[in-house]
Every structure is written in C-alpha cells, then in structure tokens.
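*Asks:* Sharing a structure, written as structure tokens. Questions coming.
None of the figures in this text is laboratory data; all of them are computed from the coordinates on show. Worth saying up front: this structure is predicted, and the values here are computed from it rather than measured. As a convention, Cβ positions derive from the backbone with ideal geometry for all residues, glycine included, and neighbour counts pool all protein chains shown.
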Amino acid sequence: MHDEQNSIHNNNEELTLELHKEELEVNKKIIETATVNVYKRTYTVEKQILVPVTYEELIIEKRSPNEEVETKCIPLSEERIEVTKHPIIFEDVEIYKEKIEEHMQINETIKEEKIHIDAVGDISIMGDNQTSTV
C-alpha cells in the first residue's frame, strides 16, 4: 500500500478515496511428520526345564550260601518326556490413530488505511454529530 495525496484545489467539487485494509486469511495443510511401520517379529529363546522322570525295574537277587549276592535288573517301564508346544496369547497390543486438536496463537501485523485531513486556516469539520476546529 502507498500513501496518496489528493487536493480539492483542482476545481473538483468531489473526491473519492478508497481506503484499504488487510484481513487475515488462515489456511491449514496437512504435512506428514512421520511414517510408522508396525509388524511382528519372532525371536527364539532356549528354555531349560528339569523334569523328574521315574522308571520301574524288576530286581532279582540271588544269594549264595557264602553270602554272595548276585543282582539282575529288568526294566519294566519308564517315563519318557514328550514336549509339545502350543501358542498362547500373552499380550494384546492395540494400535490406532487419534486426532488431537489444540489451539495455536498466531500473531500477525496488518495494515489499515485511515483518512487524514490537512487543513490550512480556521475551519470547522462537521461529521457524525460532532464539530471540531482545526
């Protein structure tokens, strides 16, 4: 904007000035600030567990007259370890997006033109039911 000076002295009875002012127009645009990839990864861990097992034997003892003992063992049964794995859910993970609104204050300086009257001499200015002497 620029200052304009006009004078009524140019034999013009009427003068029209356009007064301008700036207005703020606020626009928003979405800018991607991050990209997120979500995935599951499987890790392996070695587990050691002590499991008690039992077995059953048939024991045959022979004793001789001179107190010698001869022992024979015949295995009858034993426990064998069977390992089975089955998946269980140990944790639920929720993943979702949420829009959050917050208010940001913007400070801007705007321009506005106002009428300015330079008068020479003893004149009265009348307007809006007011009289003032310049």
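Per-residue answers, yes or no, for (1) surrounded by 10 or more Cβ atoms within 10 Å (Cβ to Cβ); (2) aliphatic (A, V, I, L, M):
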position	(1), (2)
Lys21	yes, no
Val26	no, yes
Glu70	no, no
Ile81	no, yes
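*Asks:* From Ile117, Ile59, grab the single residue that is surrounded by fewer than 10 Cβ atoms within 10 Å (Cβ to Cβ) and closer than 30 Å to Leu15 by Cα.
*Replies:* It is Ile117.
*Asks:* Follow-up question, since we're still on this one. I'm trying to understand the selection: among the residues of region 29-70, which are touching a residue at least 12 places away in the same chain (Cβ under 8 Å) and under 43 Å from the mean Cα position of the chain (by Cα)?
*Replies:* Val38
*Asks:* Would you check if Pro75 is assigned to a loop (DSSP other than H, G, I, E, B) and either more than 60 Å from the chain's Cα centre (by Cα) or farther than 30 Å from Glu91 by Cα (or both)?
*Replies:* no
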